[in-house]
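Encoded as structure tokens, the structure appears first; notes follow it.
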Amino acid sequence: MIIRKAGRRAIVLLAAFGFGFSAAASGHAAIIGLFANGTYVDISPPPGGEEKNMKASLEALGHTVNEFTGITDTDWNNAFAANDFVFIADQELGSLFPDLSAAARTAIQNNVSAGQGFILHGNIGNYDIDLLNGLFGFTVANGGNYSSAEIMTKGVDAAGTAYSDDPATIPGNNGTYALTTASLPLGAKKIYTIGTDTTVALLPYGGGNIAFLGWDWYKSNPPTAAGSGGQDGGWQQVLQSSVQEAAGGVPEPSSLLLLGGVLAGAAGWRGRKGRRSSSSGRSPA
């Protein structure tokens, strides 16, 4: 009976730890390298500048944002080394992929394959798929452009991911572009879909996750208030989940220390109770 009680106490302790571990993982404040080269992305002030809109949204969610502009292999390696992952804002002004040297492309590929994350937006042209296909060997194709009157539905692939508790539906905010679902690579998770298109997806590449966000963050709320036409509709929560997936859901170091303490404490408690039971001659049953 005593050992059973000890086991139950260990389970309670571990359950309490599990809650804390989950909260730490989901609440992990990420350090994000946001690409802010004005040749490719719109760095003008809100509400029109998508890169500044994204910076404001990420910071409002509690993350640290480090903007960078370089495109050499050294620049990319430094961006990945200094941050949890790299984020490419909407390539509204130009296509990045053709300007990347072979060494720069390899640097991005190697970092993502080694387990670092990568997020990018849909694009009205082909700049998004040029980057995805050129860098990672995919064959994704552009789907439709959507408006707020059209609704995207969360699919079963969201289960077991950071998106699992996100809204059941999200609107096609002004500036939402999709990939065709049929063109997604093997192993991709279709998080939000509409018809034959996917507007939020997780694409695996080696040990890393690539998150595709169909909305380009035009006139987002934050920083533009809803009363001034700022758009959200649940996309900010989807952004938070994308950050968690790209960052790998890394728990805070204190949670790892807590795990060791809980396991060691539970084992020691059971050991002491077991010895007391044996010395008293009482049956452990």
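A short reminder: the numbers here are calculations on the coordinates, not readings from a lab. This is a predicted model, so every value here is computed, not measured. Cβ: placed from backbone, ideal geometry, glycine included. Neighbour counts: every protein chain shown.
Brief remarks follow.
- Among the listed pairs Lys154/Lys219; Lys55/Lys219; Lys52/Lys190; Lys154/Lys189, those beyond 18 Å (Cα-Cα): Lys154/Lys219; Lys52/Lys190
- Full-stretch length increase - Thr39, Thr153 - with 0.36 nm per residue and alpha-carbon distance subtracted: 37.6 nm
- Annotation for Thr196 and Leu61: the two label points, set 7 Å from Cα along the Cα-Cβ direction, are 3.1 nm apart.
- In the frame of its principal axes, the stretch 31-247 has Cα extents of 43, 38, 30 Å, reported largest first.
- Within the stretch 143-157: backbone nitrogen closer than 11 Å to the Thr169 label point (7 Å, Cα to C-beta): 149-154
- Between Asn145 and Ile31, the simple label model (points 7 Å from Cα in the Cβ direction) yields a spacing of 3.9 nm.
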